[in-house]
Amino acid sequence: ALLVSTIASLLVVTAWYSDYVLGKKWRSYMGNLFTTQPSTKSMIKMFVSQFALTLITNFILARALFYADATTWTQGVAVAIALWIAFIATVEAGTIVWEKKPWKLAAINSGAYLVTFIVSAIILTVW
């Protein structure tokens with residue numbers, strides 16, 4: 001379940017940041033950070049790193065679901081939303097306040113986390 005939820009999360013994020021969903025808007029809010037395309041070698045390192053980070057996140061999510069005794073998909077979603085509010089939404093809100101990050105950029109980024117937390121929680125609770 002952990003591996004499946006990690007792969008599902010990465011697929012969701014890939015779609016989320018694609019040009020078909022929010023990728024163009026996200027890049028416009030990011031400004032000059034993406035003026036050149038990363039090399040294939042750099043992209044592979046980024047994807048491998050993101051896989052490991054997502055695996056860690058989903059492992060912790062699985063532990064939280066276990067400790068919360070979440071056994072249904074609705075309970076899993078409730079835990080995922082609570083964790084997202086506690087650890088993602090609040091941090092993103094801080095970046096808006098202190099770093100002057102555009103709220104639309106924060107919304108795109110935190111929205112991706114919300115969706116992946118929910119998808120992963122559903123997989124982890126019903127598996």
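The values are calculated or read from the model by the stated rules, or taken from the named source; none is laboratory data. Being a predicted model, the structure only gives us computed values, none of them experimental. All Cβ positions, glycine included, derive from the backbone under ideal geometry; neighbour counts span all protein chains shown. The protein model used for the area step is the full one, side chains on, heavy atoms only, and it has no ligands, DNA or RNA in it. Shrake-Rupley method; radii C 1.70, N 1.55, O 1.52, S 1.80 Å.
Structure summary
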| read-out | value |
| --- | --- |
| Which numbered condition residue 59 misses (of (1) touching a residue at least 12 places away in the same chain (Cβ under 8 Å); (2) under 15 Å from residue 119 (Cβ atoms)) | (2) |
| Leading residue by the ranking (nearest to residue 11 (Cα to Cα)) among those in the range 79-127 that are hydroxyl-bearing (Ser, Thr, Tyr) and surrounded by 14 or more Cβ atoms within 10 Å (Cβ to Cβ) | 116 |
| Any hit, the range 25-39, residues being farther than 14 Å from residue 123 by Cβ, open to solvent by 60 Å² or more (accessible area, probe 1.4 Å), assigned to a helix (DSSP H, G or I) and in contact with a Ser or Thr (Cβ under 8 Å, 6 or more places away or on another chain) | no |
| Single unsatisfied condition, residue 96 versus (1) farther than 15 Å from residue 118 by Cα; (2) in contact with a helix residue (DSSP H, G or I) (Cβ under 6 Å, 6 or more places away or on another chain); (3) not acidic (Asp, Glu); (4) not in a helix (DSSP H, G or I) | (4) |
